[in-house]
1. Under 7 Å by Cβ, and 6 or more places apart or on different chains, what pairs join a residue from the range 74-91 that is more than 13 Å from Leu29 (Cβ to Cβ) with one that is open to solvent by 30 Å² or more (accessible area, probe 1.4 Å)?
2. Kindly evaluate Met403 against the criterion of being within 36 Å of the chain's Cα centre (by Cα) and at pLDDT 95 or above.
3. Residue under question is Leu29, and the condition is that it be within 14 Å of the ligand (Cβ to nearest atom), in a loop (DSSP other than H, G, I, E, B), open to solvent by less than 90 Å² (accessible area, probe 1.4 Å) and hydrophobic (A, V, I, L, M, F, W, C); does it hold?
4. Answer with yes or no whether Ala314 is open to solvent by less than 80 Å² (accessible area, probe 1.4 Å) and either on the phi > 0 side of the Ramachandran plot or within 16 Å of the ligand (Cβ to nearest atom) (or both).
5. Taking the range 43-56 as the region of interest, how many residues are out of contact with any Asp or Glu (no Cβ under 9 Å at 6 or more places or on another chain) and over 13 Å from Arg105 (Cβ atoms)?
6. Of the residues Ser51, Ser46, Ser67, which is of a type in the set (Ser, Thr, Tyr), free of Cβ contacts under 8 Å to residues at least 40 places away in the same chain and more than 28 Å from Phe327 (Cα to Cα)?
7. Kindly provide the set of residues from the range 87-113 that are open to solvent by 40 Å² or more (accessible area, probe 1.4 Å) and not in a helix (DSSP H, G or I), ordered by number.
Amino acid sequence: MKLWEGRFDAPTAKNADLFGDSLPFDRQLWAVDITASLAHAAMLGSCGIISIEDAQSICNGLEGIASDIEAGKLEIAGAEDIHSFVENELVSRIGEAGKRLHTARSRNDQVATDFRLYARGSFDNLCDSLINLVEALVGKAGEGVKYIMPAYTHLRKAQPICAGHFFNAYAEMFMRDLDRVSASRERANVMPLGSGALAGTSYPIDRDVTSRMLEFDRPCENSLDGVSDRDFVAEYLFDASLVMAHLSRLCEDIILYTSEEFGYLEISDAYSTGSSIMPQKKNPDIAELIRGKTGRVYGHLMALLTTVKGIPLAYNKDLQEDKEGFFDAEKQVINCVDIMAEMLGAISFRVKNMQTAAEGDFCCATDVADYLAKRGVPFRTAHAIVGKIVRSCIADGKTLQTMTADDYRQFAREFDGDIVEAVKGKACADARTSYGGGSANNVKAEIKSLKKRLKKYL
Ligand code: ARG
């Protein structure tokens, strides 16, 4: 039965129904729809808008529907949307009283309320997954404290760092995501229920009561905005998109660092795949797939922003398009964050390769220039001297580490015997003790700081 058929002489065309129905996807909202209706019915009863007996029988009926759906005894089908389904089912179970549930309410404030209740859970789930991921990265950073690796600019070797610094960098990104998702959750927690179709209602409803019952922070202050605001959907999609961007960058680094060319990290067999034709292959499919799914989540954000950009106040059917992208984005982002956290546990360091690479290709050249600058040579002059050293090393097949102190002295008299130690990869990494720099001690301090910041969410 249509909730609105009284006005119509003839039924809608089958294809019109198929085109407009949202039940195939908004069925996911069944639990929050019932939760919101329970609060609404109780409020109608306590405000004397319907009788206490009717309110009670509505609540009993709704609880029966919830437990039947839960137990798989009631199939969600045969209605335009989840709101119609629940209401029809209620009326068929309890009769007249059920027809009073929709007093002082519209599907417009109902769906906005349901979706916020649902999204609240989605924000919370994403927070949980992010906490787990930050913990996994911090764990990896802890393992990496002992090792060094090269860091890059322009994907060219730049300077040696403690390997933990790399994982902490990603932990920072997901920590920001965690803060962002939790702030978005807070902004989303405002209740549209009581906005009616668009202009509120003439019944003496008490929106503070429903707001408290549904654990919202407050009722929204403008009914037109209440029924049509989907900022919380856009925020979830943006937050999810940025999480995906960070994941995708991490994936790219993992793909590079596990390649034969780099060889710094190894993904265990359990999280790798092979080739149907090339027997030697070990592919980083999981990382590639996460990188690949990023575009899809961005797409959902663009779709929603485009949907809302041209709609006049207040509710328009366009807004029904807010759900499918959200549900898919939620599934993708949670899956990606969770599998990444799991896969990190299966990644090991190829210590020797990282160490060799961190000293190779003149990665410590800045440190040689700094050595001279600290002994009075102006940095720009020191830079030029080391440039010459690098050129002569390339010509003679030497490295900064195979040069002797005497070799160095040919280029500047400020070089002492200690240059030989100063130019080792580990010494160079650990010398970067400036706040936030890549020394092992800083990595340890940052791990502590990240753990402390995480505590707020545990
Ligand atoms: N299925 C609709 C949606 O998701 C519910 C609200 C319907 N309201 C209306 N006036 N047709 O947006």
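The values are calculated or read from the model by the stated rules, or taken from the named source; none is laboratory data. Every value quoted in this text rests on a predicted model; they were computed, and no experiment measured them. Note: ideal-geometry Cβ built from the backbone for every residue, glycine included; neighbour counts use all protein chains shown. Remember, those area values only see protein heavy atoms, side chains included, never the ligands or the DNA or RNA. Shrake-Rupley method; radii C 1.70, N 1.55, O 1.52, S 1.80 Å.
1. Cβ pairs passing all conditions: Leu74/Asp68; Glu80/Lys2; Glu80/Asp21; Glu87/Leu3; Glu87/His102; Asn88/Met1; Val91/Lys99.
2. Values: within 36 Å of the chain's Cα centre (by Cα): no; at pLDDT 95 or above: yes.
Spelling it out, it is not the case that Met403 is within 36 Å of the chain's Cα centre (by Cα) and at pLDDT 95 or above.
3. Numbers: within 14 Å of the ligand (Cβ to nearest atom): yes; in a loop (DSSP other than H, G, I, E, B): no; open to solvent by less than 90 Å² (accessible area, probe 1.4 Å): yes; hydrophobic (A, V, I, L, M, F, W, C): yes.
Answer is no for this residue.
4. On the way: open to solvent by less than 80 Å² (accessible area, probe 1.4 Å): yes; either on the phi > 0 side of the Ramachandran plot or within 16 Å of the ligand (Cβ to nearest atom) (or both): yes.
Against the criterion (open to solvent by less than 80 Å² (accessible area, probe 1.4 Å) and either on the phi > 0 side of the Ramachandran plot or within 16 Å of the ligand (Cβ to nearest atom) (or both)), Ala314 qualifies.
5. Going through the range 43-56 one residue at a time, the tally reaches 6.
6. The unique qualifying residue is Ser51.
7. Result: His102, single match.
Listed here are the residues, each with its yes/no results for (1) open to solvent by 20 Å² or more (accessible area, probe 1.4 Å); (2) β-branched (Val, Ile, Thr); (3) under 25 Å from Glu143 (Cβ atoms); (4) within 16 Å of the ligand (Cβ to nearest atom).
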position	(1), (2), (3), (4)
Glu321	yes, no, no, yes
Phe326	no, no, no, yes
Val333	no, yes, no, no
Asp338	yes, no, yes, no
Ile347	no, yes, yes, no
Asn353	yes, no, yes, no
Thr356	yes, yes, yes, no
Ala365	yes, no, no, no
